[in-house]
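The values are calculated or read from the model by the stated rules, or taken from the named source; none is laboratory data. Keep in mind that what you see is a predicted model, and the values were worked out from it rather than measured. Here the Cβ positions follow ideal geometry from the backbone for every residue, glycine too, while neighbour counts run over all protein chains shown. SASA here: full protein model, heavy atoms, side chains in, ligands and nucleic acids out. Shrake-Rupley method; radii C 1.70, N 1.55, O 1.52, S 1.80 Å.
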Amino acid sequence: MTRTQRLFALAALVLLAIVPFFVTDSYTRHVFIVAFIYATVAVNWDLSLGLGGLFNFGHVAFFGIGVYTAAILTTALDVSPWIAIPAGGITAAIAALIIALPVAKLQGIYVVLVTFAFGQLCLQIVLSQGDLTGGAEGLVRLPYLTIGDYKFIRDFKFAYYYLALAILAVSVIVLLLIAQSPFGKSLRAVRDNPDYAASRGISVARQRVLVLVASSVMTGVVGGFYAIYLRVASPEVFGFSIATLVVSMVLIGGAGSIIGPAIAALALTFATEAMAGVRGMEEARFIIVAVAMIVVLQVAPGGVVDIFGRLLGSGRKT
Amino acid sequence: MDGVLIPTLVSGLLLGSLYALMASGLSLIWTTLGVFNFAHGALMTLGAYIAWTVTEQLGLGLAAGFVAGIGAAVIAGVVIELLLVRPFYGSRNMMLITVMTTLAASTIIERGISVIWGPRLKQLPRVIDGQVNILGAPVSAHETLIIVLAPAVLLALWWYTGRTRSGRSLRAVGQNQDSAALIGIDVPRTFSLAFGLSAALAGVTGVLLGSIRFITPGLGADPLVNAMIVVIFGGLGSLGATAGAAYVIGMMEALLVLWLGLYWTPSVLFVALIAVLVFRPNGLFGKVSA
Amino acid sequence: MPDPILTLSGVTKTFGGLTAVKDVSFSVMQGEIFGVAGPNGSGKSTMFNCITGIPFGPTGGEIRFKGQRIDKARPHDIFRAGLSRTFQKDAEFPDLTARETVALGGHYGAGLRGQHTRDAVEEALDLCQFEPARRDMQTADLSVYGKKQLMIASALVAKPDILMLDEPASGLTRPEIAALDDLLIKVNAIGVTILIIEHVLGLLLSVSQRLLVLNNGAVLTEGDPKTVIRDERVVEAYIGGAAA
Amino acid sequence: MSRLLDVSGIHAGYGTVPVLHGIDIHLDKGEAVGLFGPNGHGKSTLLRTISGLLRPSRGTVTFDGQDITTAKPSAIVAAGLIHAQQSNTLFGDMGVEETLELSAFSPRARDGWKDRLAEVHTLFPRLAERRRQKAKTLSGGERQMLSIGCALMCAPRLLILDEPTLGLSPRLKGELCAAIAEIAKKGVPLIVVEQDVEFLLTLTDRLYLVEQGEVAREIDGSNAPDHQEIMDMYFGEGAH
């Protein structure tokens, strides 16, 4: 993380903070909110995938677990959304701990398969436990956020916009701090040379457990926020499509760079939303994102941040 | 109990046969190239749709539909290898990159199918009508055909990779690419061969499944996930272990549904999976690496 | 007679039908420089990997370090216990700077924090005469010798009892080997026991106080370097029967 | 006599790390040459470049009048240039006999493969005894025998052996050296990489000393190093 990058991140934050004063229509703000949500999922995924080198393909399941935690708590147990949203972070962390048990010991493709299967099994459980989860129809009419008498939905989603931005900003700041900490450096060491890392006192298995849990917390929280914001929970959050979309954000943005996936998430969300408005593109937009990811992998495996890095002559990421 | 047990065992056998066909295709590509093909389920779906179009829309009959469906899957498989896997040979992160490119391929195929064929459910006619009696339990003749066909296909595959020149070259490439090249095997061509064969297996599974389930763009997703569980249980290393694990999982699933109901079966399967992996990181039948 | 710090008894390592290390036994004494020689493929590196548990310990036999069994210990625990090693090749974290690389060893290996880590890092880099101007450079951009110095510094930062070097001279020029020679003597002088394996014999003969020769995975002979190297069996192992 | 192999001005390496800096070696029909030199100085890289596993950045490789610099490894094998790699693990899960049969893979090697299999069995009777055993269960010496046996099954017109006696006991080493001498006697042109210079001198007509990615010295009968020189090369000056 160079000074330039830090300044850039700060400038971006300020810019996004003043957007609502110029963008006043509810739809554009909605796209921004969804983009912040995706960006939060993507940057946290980048912690385990890009920085930790852990082939975790169950990350979107942590998001889904956050969604259903908040939905079930608010509908079945009447818990306040203000508690249900952070609770999503806790259940996601517990799930991460469970999945970390086998993953800490596994190698290569088995990590991919187990984490992927984990996501799919979450889907199966949601579908089969219909009494609690609403099955294929999902849960609807979740309570909305309020402070006193103020409803967040008012003023064209003004408050939701800032809450979503705050969740993203906290994620990015925490992740950048992690990346610069000894823990973050140990992750890069384990990723690039596990034998050498182990021979310098780093427990590879322990770092893997830690990175999975660390990447799950904010992902679960933003999942809870997503459910409360949209007031629905649907099993689609565990599907292939969202996983492919978010992983393409990480890759197009440049794995391991934190800032890159955040930028890519904003750009891709706006692009797919714009395409969704065009007739006949509802399905094809997913194809276009998939093709874009393949093209980036072929021409610039380091992602967009790598391209910028080369243009600026700094050569290396972070 | 008897009245329930036999049909359950038959249904376990049927599931096991389908998983074995799917998982052996995945395992074939993995052992040859070290690539896990996430588009395998989508290839299966594609095979089923093409078979339906040729059989029903064009009215050319089931045999032509089968040939066309399997052929389409093979062509798509070879194209995936050429465009999405071959550019990354020798890359340090080839395994990870190909997970993503094949995942993207599966999205492209599935969404492409939605665009072309629309959301309406389709179904293929059965190969054989009527019922067969297995140990007093009535089973449809079509399902019996699957139960008989799967082991036959596996045996043929086992014979092919063990006894023929080109089959042996697949194994040689899988075990040591440099050494294989140095005895004159064309390694890239062998990769195409592996993808083509594996896609053929996906196509066969697709057309067989297309007449016992409704054909939707997501037809292949479910079996793919189950086949993944099979390869995690069995290890990806050998055909025998993969097939064995397929039947174990198929039977377990059928028995769990009988005892615990549809509700809890996925969770129990997953807990069993985690337990196996904590104690045997290379799968139930996998070798522990030295 | 000083005490043995590291003892191997009957250590064996097999890969399928291949026995890479056969019934190897020897002891390294506190404070000495112990050399291990042997032609290519004689099992030196495999033995090294067995001792440090990378990726696994031996198939048979016993390894004791400061009296404790370590043949089943995990590699990070072995380092924390005071046994550190270098690698022959591929040993870098390309994404980290020299300082960051060394700091990892201090943080995770010796439990140092904050200023203590920073001091230990500078001390280790100074000891290895690592150029101050290059300390914030990305590891990937360092020279071959720079990477060697860095790897030794990252091993020394946790103040190990014993430093194990895996063919440190490979790929180095003559002046660099001479510098390495000085460095090892200096490190030994501050009380670090050294176990060094090397294919190029010049460095080994110059620094070692005792020398063990491996051939076909087994111990061929052990003793005073100058005597050992004249042994007919050693000459034969290196350059063939016709020469002996 | 005409040139069988001509390697000229080869530059090659891995990624951005150059290993070979313009190597020239050649071999005439009916000749045997040796390569030696310190580890990590490019011998194996040179062999990988010749057999097409590695693409050189500069230079050409000509085999029997054909430019094979950019040919595929399988085409090079089909032309009869066979390379047995150092510490070749071959195909661990494949049986010995199966591996030998498969090695007669290229169309040219298929003719008369049974005769060649019999020859391999005569040369290495142990491979006949271990027929059904998997390669990974073989000992180090047996693996080397299998590796050479496979190379012979490819019907070599030029055989390249990379350190065929690496890590073997003196008895096994003697056995393999005798077998290699036997192969040379049958008139198969050979390139052998070995540490044992004196064995190379008995086997081959010429030697190349490869140092720092270059041919440092070409040695034939007239300028062969004496015992002291060889000792110096390995043990450093003044060791004796």
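Listed by first and then second residue, the pairs linking a residue in region D:194-220 that is small (Gly, Ala, Ser) to a residue that is part of a helix (DSSP H, G or I), with Cβ atoms under 8 Å apart and 6 or more places separating them unless they lie on different chains, are D:GLY213/D:THR45. Residues that are farther than 21 Å from C:GLY82 by Cα and touching a Phe, Trp or Tyr at 6+ places or on another chain (Cβ under 9 Å) were ranked within region C:34-58; the one that is surrounded by the fewest Cβ atoms within 10 Å (Cβ to Cβ) is C:PRO39. Output yes when any residue across region B:63-73 is within 26 Å of A:TYR110 (Cβ to Cβ) and out of contact with any Lys or Arg (no Cβ under 9 Å at 6 or more places or on another chain), and no when none is. No; the residues of region B:63-73 include none that is within 26 Å of A:TYR110 (Cβ to Cβ) and out of contact with any Lys or Arg (no Cβ under 9 Å at 6 or more places or on another chain).
When A:TYR38, A:TYR110 are checked against the criterion of being among the aromatic types (Phe, Trp, Tyr) and closer than 23 Å to A:ARG141 by Cα, a single residue qualifies: A:TYR38. Condition check for A:GLY66 on (1) open to solvent by 10 Å² or more (accessible area, probe 1.4 Å); (2) assigned to a helix (DSSP H, G or I): one failure, at (1). Only one entry in C:GLY105, C:GLY67, C:GLY109 is crowded, with 23+ Cβ neighbours inside 10 Å, of a type outside the set (Val, Ile, Thr) and over 18 Å from C:GLN149 (Cα atoms), namely C:GLY109.
Might you check whether a residue that is outside any loop (DSSP other than H, G, I, E, B), of a type in the set (Phe, Trp, Tyr) and not assigned by TED's automatic domain parsing to the domain that holds C:LEU8 occurs anywhere in region C:90-108?
Checked against the condition, which is being outside any loop (DSSP other than H, G, I, E, B), of a type in the set (Phe, Trp, Tyr) and not assigned by TED's automatic domain parsing to the domain that holds C:LEU8, region C:90-108 yields at least one hit.
Residues of region C:113-132 that are within 10 Å of chain A (Cβ to nearest Cβ) and part of a loop (DSSP other than H, G, I, E, B): C:ARG113 alone. Scanning region C:1-14 for residues that are within 12 Å of C:LYS66 (Cα to Cα), surrounded by 15 or more Cβ atoms within 10 Å (Cβ to Cβ) and out of contact with any Leu (no Cβ under 8 Å at 6 or more places or on another chain) returns C:PRO4, C:ILE5, C:THR7, C:LEU8. Applying a threshold of 7 Å to beta carbon distances and a minimum spacing of six or more residues, or different chains, the list of pairs starting in region B:146-173 at a residue that is more than 20 Å from B:ALA23 (Cα to Cα) and within 14 Å of another protein chain (Cβ to nearest Cβ) and ending at one that is open to solvent by 50 Å² or more (accessible area, probe 1.4 Å) and in a helix (DSSP H, G or I) reads B:SER166/B:LEU193.
Can you pull out the residues in region B:84-110 that are at pLDDT 90 or above and more than 8 Å from chain A (Cβ to nearest Cβ)? Matches in region B:84-110: B:VAL85, B:ARG86, B:THR98, B:THR102, B:ILE109. Scanning region D:30-67 for residues that are over 29 Å from D:THR16 (Cβ atoms) and touching a Ser or Thr at 6+ places or on another chain (Cβ under 6 Å), we see that the one that is nearest to the other protein chains (Cβ to nearest Cβ) is D:GLY34. Looking only at residues in region C:173-197 that are at pLDDT 90 or above and among the polar types (S, T, N, Q), the one that is surrounded by the fewest Cβ atoms within 10 Å (Cβ to Cβ) is C:ASN188.
Within region C:198-220, count every residue that is part of a strand (DSSP E or B), within 13 Å of chain D (Cβ to nearest Cβ) and surrounded by 20 or more Cβ atoms within 10 Å (Cβ to Cβ).
Count: 4.
Within region C:15-33, being crowded, with 17+ Cβ neighbours inside 10 Å, within 14 Å of another protein chain (Cβ to nearest Cβ) and outside any loop (DSSP other than H, G, I, E, B) holds for C:LEU18, C:THR19, C:ALA20, C:VAL21, C:LYS22. A single entry from D:ILE82, D:ILE50 fulfils the requirement of being at pLDDT 95 or above and over 20 Å from D:MET145 (Cβ atoms): D:ILE50. Within region A:133-173, which residues are out of contact with any helix residue (DSSP H, G or I) (no Cβ under 7 Å at 6 or more places or on another chain), of a type outside the set (A, V, I, L, M) and part of a helix (DSSP H, G or I)? Once the filter is applied, which keeps residues that are out of contact with any helix residue (DSSP H, G or I) (no Cβ under 7 Å at 6 or more places or on another chain), of a type outside the set (A, V, I, L, M) and part of a helix (DSSP H, G or I), region A:133-173 yields A:GLU137, A:ARG154, A:ASP155, A:TYR162. A count restricted to region B:183-201 and to residues that are away from chain D (no Cβ under 14 Å) and touching a Ser or Thr at 6+ places or on another chain (Cβ under 7 Å) stands at 2. Look through A:ALA255, A:ALA227, A:ALA262 and report the one residue that is part of a loop (DSSP other than H, G, I, E, B), more than 30 Å from C:ASP166 (Cα to Cα) and touching a helix residue (DSSP H, G or I) at 6+ places or on another chain (Cβ under 9 Å). That would be A:ALA255, the only listed residue that is part of a loop (DSSP other than H, G, I, E, B), more than 30 Å from C:ASP166 (Cα to Cα) and touching a helix residue (DSSP H, G or I) at 6+ places or on another chain (Cβ under 9 Å). Across region D:128-160, the number of residues qualifying as away from chain C (no Cβ under 14 Å) and open to solvent by 10 Å² or more (accessible area, probe 1.4 Å) comes to 6.
Would you check if there is a residue in region D:161-169 being of a type outside the set (A, V, I, L, M), surrounded by fewer than 21 Cβ atoms within 10 Å (Cβ to Cβ) and within 14 Å of chain C (Cβ to nearest Cβ)? I'd like the intermediate steps shown before the answer.
Let us first name the residues in region D:161-169 that are of a type outside the set (A, V, I, L, M), namely D:162-165, D:167, D:169.
Those left that are additionally surrounded by fewer than 21 Cβ atoms within 10 Å (Cβ to Cβ): D:169.
With the extra rule that they be within 14 Å of chain C (Cβ to nearest Cβ), the set shrinks to D:169.
Within region D:161-169 (the criterion being of a type outside the set (A, V, I, L, M), surrounded by fewer than 21 Cβ atoms within 10 Å (Cβ to Cβ) and within 14 Å of chain C (Cβ to nearest Cβ)), the answer is yes, since at least one residue qualifies.
Every condition in (1) surrounded by fewer than 24 Cβ atoms within 10 Å (Cβ to Cβ); (2) part of a helix (DSSP H, G or I); (3) within 12 Å of another protein chain (Cβ to nearest Cβ) is met by A:LYS105 except one, and the failing one is (2). When C:SER84 is tested against (1) within 12 Å of another protein chain (Cβ to nearest Cβ); (2) open to solvent by 10 Å² or more (accessible area, probe 1.4 Å); (3) polar (S, T, N, Q), exactly one condition is not met: (2).
Filtered by the rule that a residue be among the small types (Gly, Ala, Ser), surrounded by 14 or more Cβ atoms within 10 Å (Cβ to Cβ) and within 20 Å of the chain's Cα centre (by Cα), region B:127-154 gives a lone residue, B:ALA150.
If the condition is being in a helix (DSSP H, G or I), among the small types (Gly, Ala, Ser) and either closer than 18 Å to D:SER51 by Cα or open to solvent by less than 10 Å² (accessible area, probe 1.4 Å) (or both), then region B:170-195 contributes B:ALA172, B:SER179, B:ALA180, B:ALA181, B:ALA194.
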